[in-house]
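Down below is the structure, laid out as structure tokens.
The values are calculated or read from the model by the stated rules, or taken from the named source; none is laboratory data. Everything numeric in this text was worked out from a predicted model, so none of it was measured. Cβ placement follows ideal geometry from the backbone for every residue including glycine, while neighbour counts extend to all protein chains displayed. Note: areas computed on protein heavy atoms with side chains; ligands, DNA, RNA excluded. Shrake-Rupley method; radii C 1.70, N 1.55, O 1.52, S 1.80 Å.
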Amino acid sequence: MNMRRTLLAAAIAAGALATTFTAAAQTMKAADVHPAGYPNVVAIENMGKKIEAATKGRIKFQMFPGSVLGGEKEMIEQTQVGAIQILRTSLGPIGPVVPDVNVFNMPFVFRNEAHMRAVIDGPIGTEMLDKITASSAKMVGLGWMDGGSRSLYTKKPVRKPEDLKGMKIRMMGNPLFVDTMNAMGGNGISMGYGEVFTALQTGVVDGAENNPPTLFTANHYQAGAKYYTQTNHLIIPEIFVMSKVSWDKLSKDDQALFRKYAREAQMEQRVLWDKSVADYTAKLKAAGVEFISIDNKPFYDSTAAVRAKYGAQFPELIKRIEATK
């Protein structure tokens, strides 16, 4: 009888211990609209591996690339309720919630990519992440990623603002971007990323704008966008965030781990990014896409009113960005 009781007690204790370990182990769902192998996806996967190693498997990562959990809007909503833990997203959908990030979204606010990187790596970048964390967005700003320079890709060549007349160009879902395209001479159309291929194929839009890796991986060049005009009108950093619901459940030590490896992911992504841009530019040219070099000044001048309108409430911040070396 005693032996039975001892075995029973041991079984109950083992069960309780197993339950404790199960409860302690966490799987973090990470998501991105970009496909597997894309620099942003790889950088987050590597961050996950480091956190998994540092916590001895207590925190595991599972990556969901390629929009399998929905478009950016849907994934942001899932992140806000804690269904997704880590999300890499563009700043476009964040602008309406945290108006300050619209400064980064303004056309030609950065001189070049090196200038943009200096800004996000420095105090301005940290302040912006903190503002996202402190906002009603229900997301914790973990780090920045290089979203590249966005340029026009169209079915007909564009060399000057006049060439855009009558062209419907897909823009991200933020009034600032639509205004930017309208100022540049085109007709800005707000549309989800996942709809662009079909919209190009069917003639709903005449073009879109993005960076070379996205143009290639989304196959938009196969839908007729064979001209890539290097306007570099937007050099927008992207962010990766954590659900505030999930963040608040982490211990202070785990939060510190996430911060540490997020910074490493920020730096690693851009190395992968630069290689990717070179690789995909070569692939696009091989596929018959014509890269058109232009004088950007007419486009810069045409968007002055957009910078004045959206930058009016942030004069000091814009001065600090301009002063960043």
| query | How many residues does region 183-199 contain that are among the hydrophobic types (A, V, I, L, M, F, W, C) and open to solvent by less than 20 Å² (accessible area, probe 1.4 Å)? | reply | 3
| task | Consider Thr133 carefully, then state whether it is at pLDDT 95 or above, touching a strand residue (DSSP E or B) at 6+ places or on another chain (Cβ under 8 Å), surrounded by fewer than 22 Cβ atoms within 10 Å (Cβ to Cβ) and at negative phi. | result | yes
| query | Which of the residues spanning region 136-149 are buried (at least 22 other Cβ atoms within 10 Å of the Cβ) and of a type outside the set (Phe, Trp, Tyr)? | reply | Met139, Val140, Gly141, Leu142, Gly143, Met145, Asp146, Gly147, Gly148
| query | Of the residues that sit in region 1-29 and are touching a Lys or Arg at 6+ places or on another chain (Cβ under 8 Å) and modelled with pLDDT of 75 or more, which one is nearest to Thr89 (Cα to Cα)? | reply | Met28
| Mind checking whether some residue in region 214-228 is of a type in the set (Phe, Trp, Tyr) and either at positive phi or in a strand (DSSP E or B) (or both)? | yes
| said: For the list (1) modelled with pLDDT of 95 or more; (2) surrounded by 20 or more Cβ atoms within 10 Å (Cβ to Cβ), I need the number of the one condition that Thr214 fails. | reply: (1)
| said: Among (1) surrounded by fewer than 12 Cβ atoms within 10 Å (Cβ to Cβ); (2) within 23 Å of Thr133 (Cβ to Cβ), there is one condition Gln266 misses while meeting the rest; what is its number? | reply: (1)
| Can you tell me which residues in region 115-138 are within 18 Å of the chain's Cα centre (by Cα) and of a type in the set (Gly, Ala, Ser)? | Ala118, Gly125, Ala137
| note | Only unsatisfied item for Val158, checking (1) in a loop (DSSP other than H, G, I, E, B); (2) of a type in the set (A, V, I, L, M); (3) more than 21 Å from Gly192 (Cβ to Cβ); (4) free of Cβ contacts under 8 Å to residues at least 60 places away in the same chain, is (4)
| Residues being open to solvent by 10 Å² or more (accessible area, probe 1.4 Å) and under 26 Å from Asn105 (Cβ atoms) - total across region 237-263 | 5
| request: Looking for whichever is among the acidic types (Asp, Glu) and modelled with pLDDT of 95 or more here; the options are Glu45, Glu72. Which one fits? | output: Glu45
| task | Find the residue count for region 106-124, including only residues that are touching a residue at least 60 places away in the same chain (Cβ under 8 Å) and either in a helix (DSSP H, G or I) or open to solvent by 30 Å² or more (accessible area, probe 1.4 Å) (or both). | result | 11
| message | Suppose we filter region 193-221 for residues that are over 21 Å from the mean Cα position of the chain (by Cα) and free of Cβ contacts under 8 Å to residues at least 40 places away in the same chain; how many remain? | response | 7
| request: Take Tyr221 and decide whether it is closer than 24 Å to Glu162 by Cα, open to solvent by less than 30 Å² (accessible area, probe 1.4 Å), of a type in the set (Phe, Trp, Tyr) and at pLDDT 95 or above. | output: yes
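Each row is one residue, and each column tells you yes or no for (1) modelled with pLDDT under 95; (2) more than 24 Å from Asn182 (Cβ to Cβ); (3) in contact with a Gly (Cβ under 6 Å, 6 or more places away or on another chain).
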| residue | (1), (2), (3) |
| --- | --- |
| Ser246 | no, yes, yes |
| Ala278 | no, yes, no |
| Ala282 | no, yes, no |
| Thr303 | no, no, no |
| Glu322 | yes, yes, no |
| Would you say Thr180 is part of a helix (DSSP H, G or I), closer than 30 Å to Gly288 by Cβ, open to solvent by less than 30 Å² (accessible area, probe 1.4 Å) and not hydrophobic (A, V, I, L, M, F, W, C)? | yes
